[in-house]
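> Structure provided below as structure tokens; questions to follow.
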Amino acid sequence: MTFGMKTKNSKELFKKSKEHIAGGVNSPVRAFKSVGGTPIFFRKSRDCYLYDEDGNKYIDFVGSWGPMVLGHSNKQIIDAIKKQATRAISFGAPTKNELEIAKIIKNYFPSMEKIRMVNSGTEATMSCIRLARGYTKKNKIIKFIGCYHGHVDSLLVKAGSGLATLGIPDSPGIPEELSKLTITIPYNDKEALIAAFKKYGKEVAAVIIEPIAGNMGFIEPEITFLEKINQLSREYGSLVIYDEVMTGFRVARGGAQELYKFKPDLTALGKIVGGGLPVGVYGGKREIMDKIAPDGPIYQAGTLSGNPIAVSAGAALLKQLKDKSIYKDLEKNGKLFLELLAEVADKNNIPLSYNIKGGMFGFFFSRGLPKNFEEVNNSDLDLFSRFFQGMLQEKIYLPPSAFESCFLSTKHSKEILMKAAKSADKVFKSI
Ligand code: HOZ
């Protein structure tokens with residue numbers, strides 16, 4: 001598609017990458033498969049802008065899928081990385097840096113009484129599942145259709161994000177014996193949840209949920225649905241795991257659990273905790289976390305876990321999120337953009353629904369806001385692809401999938417957002 005725009009270098013790089021990297025990319029959504037065209041190869045980023053290998057400059061609504069809350073190339077984060085890199089890169093041994101970030105995370109997420117650093121969100125959710133199974137001595141997991149919790153075997157069943165984008169319901173390579181232990185039910189479906197607990201409750205180690213789903217677009221939960229999860233889990237002795245890899249430090253400083261005032265037993269956090277470097281964290285109730293080795297028998301380990309550079313970068317970002325008013329401002333600006341977007345969509349007879357919390361939002365080409373994966377699937381996905389391509393021509397970089405969420409930074413000024421809405425108007429007229 002990308003006609004009119006210079007993409008020669010990206011095209012060549014993608015062609016070459018395909019010879020050496022599986023699918024030419026290191027994560028499937030990046031391949032632009034569902035939206036068409038060639039993935040853009042980026043070279044530089046500043047504030048809310050991305051610069052590609054062909055010299056194009058884009059307004060970015062991906063923000064590295066979350067971490068760039070304060071915009072790209074934040075000075076304090078860069079300084080922290082430089083400072084730590086000159087001191088030491090990695091020890092595979094404890095450091096003061098880990099203690100510092102642990103205290104900040106606990107302060108922002110009071111439900112995480114003890115934490116463990118890992119290297120990605122996938123590792124964090126995977127470790128939560130093992131811990132929940134080991135702690136409860138039960139094996140089954142309840143997850144919700146369209147929620148994505150990383151590429152963990154037990155959780156890669158009817159998942160969102162890349163699987164939804166590519167239309168892969170269940171990945172080959174996962175033994176049936178294992179996927180049988182995962183019970184999947186629709187998001188926001190209390191009746192299905194009650195039925196699942198009635199049938200399997202005694203065997204359920206945990207319910208894992210994105211307390212605001214970000215991997216099937218942006219879907220808010222009904223509060224009564226979250227309450228039901230808590231109530232049934234308590235009743236049956238199952239744990240509640242919140243996967244806040246996308247929502248943590250994003251919808252509010254303390255994630256969706258701060259917004260809804262719920263305290264899950266375990267929480268998984270990811271990318272944002274590293275300020276853009278590869279980091280994950282899991283944590284929760286002290287008595288559960290004490291079951292992890294070396295204090296307990298449930299094993300989990302990693303040489304690069306708590307890597308000094310990654311945690312320094314993370315701490316530099318998290319310290320700057322101290323003032324919660326950042327989130328009010330992000331949401332205010334985001335709402336302004338989405339209102340304008342809806343206005344121009346309406347003007348062009350295009351149905352559009354949207355939702356936002358803090359610095360994370362989603363929009364769908366549908367009359368009403370979808371409540372679950374099926375409803376997202378029923379939105380106009382083809383229109384999304386055309387809109388994506390049109391916006392790319394306008395040098396606006398959206399997530400290359402209708403099943404992902406968008407991210408704002410404090411560097412997205414009102415002027416920049418108004419410019420993006422104007423571009424959307426132009427695109428709506430042409431598609
Ligand atoms: N699945 C990731 C976001 N939900 C996207 C990963 C990537 O391509 O970087």
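Since every read-out is calculated from the coordinates, none of them should be taken as a lab result. This structure is a prediction, so every number in the text was calculated from the model and none was measured. So basically every Cβ, Gly included, is an ideal-geometry build from the backbone, and we count neighbours across all protein chains shown.
> So, with +1 on the Cβ of K and R and -1 on the Cβ of D and E, and no other charges, what is the size of the charge dipole of region 342-422 about its Cα centre, to the nearest 20 debye?
Details: 10 positive and 9 negative charges, 74 e Å.
With only Lys, Arg, Asp and Glu charged at Cβ, the dipole is about 360 debye.
> Between region 290-340 and region 197-257, how many Å separate their Cα centres?
Here the two parts' Cα centres lie 19 Å apart.
> What percent does the relative contact order of region 206-312 come to when contacts are Cα pairs within less than 8 Å and at least six residues apart?
This gives 19 percent for region 206-312.
> Let me know the volume per residue of the alpha-carbon convex hull for region 261-329, in Å³.
Details: hull volume 7.7 nm³, N = 69.
About 112 Å³ per residue, rounded to a whole number.
> Which Cα, out of A402, G368, S413, lies furthest along the positive dipole direction of region 355-431 (beta carbon charges, K/R +1, D/E -1)?
Most positive-ward Cα: S413.
> Sticking with this structure for a sec: Given the peptides 253-261, 352-360, 26-34, arrange them by the average over their residues of other C-beta atoms within 10 Å, most packed first.
On the way: 253-261: 21.2, 352-360: 22.8, 26-34: 18.2.
Put in order of decreasing packing, that is 352-360, 253-261, 26-34.
> When the convex hull of the C-alpha atoms of the chain is computed, what volume per residue in Å³ does it have? Provide the component values of the computation, followed by the final result.
Values: hull volume 58.4 nm³, N = 431.
Once divided by residue count, the hull of the chain is 136 Å³.
> Taking neighbour counts of Cβ atoms within 10 Å as a proxy for exposure, in what order, fewest first, do D60, D153 appear? Kindly include the intermediate steps, with their values, before the conclusion.
Details: D60 26, D153 16.
Least crowded to most crowded, the residues run D153, D60.
> Only loop residues by DSSP count here, and only those with at most 14 other Cβ atoms within 10 Å; note down the GluC sites (Glu not before Pro) in region 111-201 that meet that. Intermediate values should be presented prior to the final figure.
Details: sites: E113, E123, E176, E177, E191; in loops: E113.
Answer in residue order: no site qualifies.
> On to the next question. Give the long-range amide H neighbours of T410: residues separated by 5 or more places, or on another chain, with amide H under 5 Å away, using H modelled in the peptide plane at 1.01 Å from N.
L70, G71
> Counting other Cβ atoms within 10 Å of each Cβ, which chymotrypsin sites (Phe, Trp or Tyr not before Pro) in region 62-135 have at most 16 and sit in a DSSP loop?
Working: sites: W65, F91, Y108, Y135; in loops: F91.
Sparse-neighbourhood loop chymotrypsin sites (Phe, Trp or Tyr not before Pro): F91.
> Another question, if that's okay. Rounding to the nearest 10 and keeping the result within 0 to 90°, find how far the Cα-based axis of helix 381-393 lies from the longest principal axis of the chain.
60
> On to the next question. How large is the charge dipole for the chain, taken about the Cα centre, if only the Cβ atoms of Lys, Arg (+1) and Asp, Glu (-1) carry charge, to the nearest 20 debye?
Working: 61 positive and 45 negative charges, 190 e Å.
So the dipole magnitude of the chain works out to roughly 920 debye.
> Any chance you could give the angle, 0 to 90 degrees and rounded to 10, that helix 75-87 forms with the longest Cα principal axis of the chain?
Long axis of 75-87 versus the principal axis of the chain: about 60 degrees.
> Percent relative contact order of region 19-130, based on C-alpha pairs within less than 8 angstrom and at least six residues apart?
On the way: 61 pairs, mean separation 12.3, N = 112.
The value is 11 percent.
> Separate question: From the phi angles alone, apply the Karplus equation (6.51, -1.76, 1.60; θ = phi - 60°) to region 329-337 and give each ³J(HN,Hα) in whole Hz, x where the residue is Gly or Pro.
5, 4, 5, 4, 5, x, 4, 4, 4
> Explain nothing, just the number: relative contact order of region 340-431, from Cα pairs under 8 Å at least 6 residues apart, as a whole percent.
Numbers: 103 pairs, mean separation 29.6, N = 92.
Across region 340-431, relative contact order equals 32 percent.
> At 222 nm, what value in deg cm²/dmol follows for the chain if DSSP H runs of at least 4 each add -39500 (n - 2.57) and the sum is divided by all its residues, to the nearest 500?
Values: 15 runs with 171 residues, N = 431.
When only DSSP H runs of four or more count, the value is -12000 deg cm²/dmol.
> While we're looking at this one, here's another question. Tabulate in residue order the Karplus-calculated ³J(HN,Hα) for region 108-117, using 6.51 cos²θ - 1.76 cosθ + 1.60 with θ = phi - 60°, rounded to whole Hz; enter x for Gly and Pro.
Karplus values, whole Hz, x for Gly and Pro: 7, 10, x, 6, 8, 6, 9, 10, 9, 7.
> Ranking Y282, Y51 by Cβ neighbours within 10 Å, fewest first, what do you get?
Numbers: Y282 29, Y51 15.
Going from least to most buried by this count: Y51, Y282.
> Taking a quarter of the surface of the Cα convex hull of region 220-280, what do you get in nm²? Each step should come with its number before you reach the end.
On the way: hull surface 16.6 nm².
Answer in nm², one decimal: 4.1.
> Another question, if that's okay. Return the loop-located trypsin sites (Lys or Arg not before Pro) in region 74-149 (DSSP other than H, G, I, E, B) with at most 12 other Cβ atoms within 10 Å of their own Cβ; answer none if there are none.
Details: sites: K75, K82, K83, R87, K96, K103, K106, K114, R116, R130, R133, K137, K138, K140, K143; in loops: K137, K138.
Answer by residue number: K137.
> Taking θ = phi - 60°, what integer Hz values does the Karplus form 6.51 cos²θ - 1.76 cosθ + 1.60 yield along region 213-223, in sequence order, with x for Gly and Pro?
3J(HN,Hα) across region 213-223, in whole Hz: 6, x, 10, 9, x, 9, 10, 7, x, 7, 4.
> Can you give the Rg and Dmax of region 308-431 based on its C-alpha atoms, in angstrom?
15.9, 52
> Something else: If you project the alpha carbons of region 1-154 onto the principal axes, what extent comes out on each, in Å, largest first?
57, 42, 28
> Report, in cubic angstrom per residue, the convex hull volume of the C-alpha atoms of region 132-255.
Details: hull volume 12.8 nm³, N = 124.
Considering the Cα atoms of region 132-255, their hull volume per residue is 103 Å³.
> Enter the angle in degrees (range 0 to 90, nearest 10) between the Cα long axis of helix 8-20 and the first principal axis of the Cα atoms of the chain, meaning the one along which they spread out most.
That works out to roughly 40 degrees.
> Where the Cα atoms of region 76-163 are projected onto their three principal axes, how long is each span, largest first, in whole Å?
If we take the Cα atoms of region 76-163, the spans are 45, 30, 25 Å.
> Using the Kirkwood formula on the Cα atoms of region 188-344, what hydrodynamic radius do you get, in angstrom to one decimal?
Details: mean 1/r = 0.0568 Å⁻¹.
Final number for the Kirkwood radius of region 188-344 is 17.6 Å.
> Right, another one. Place a +1 charge on the Cβ of each Lys and Arg in region 65-154 and a -1 charge on the Cβ of each Asp and Glu, then give the dipole magnitude about the Cα centre in debye, rounded to the nearest 20. Walk me through the numbers before you get to the answer.
On the way: 15 positive and 6 negative charges, 58 e Å.
Computed about the Cα centre, the dipole is about 280 debye.
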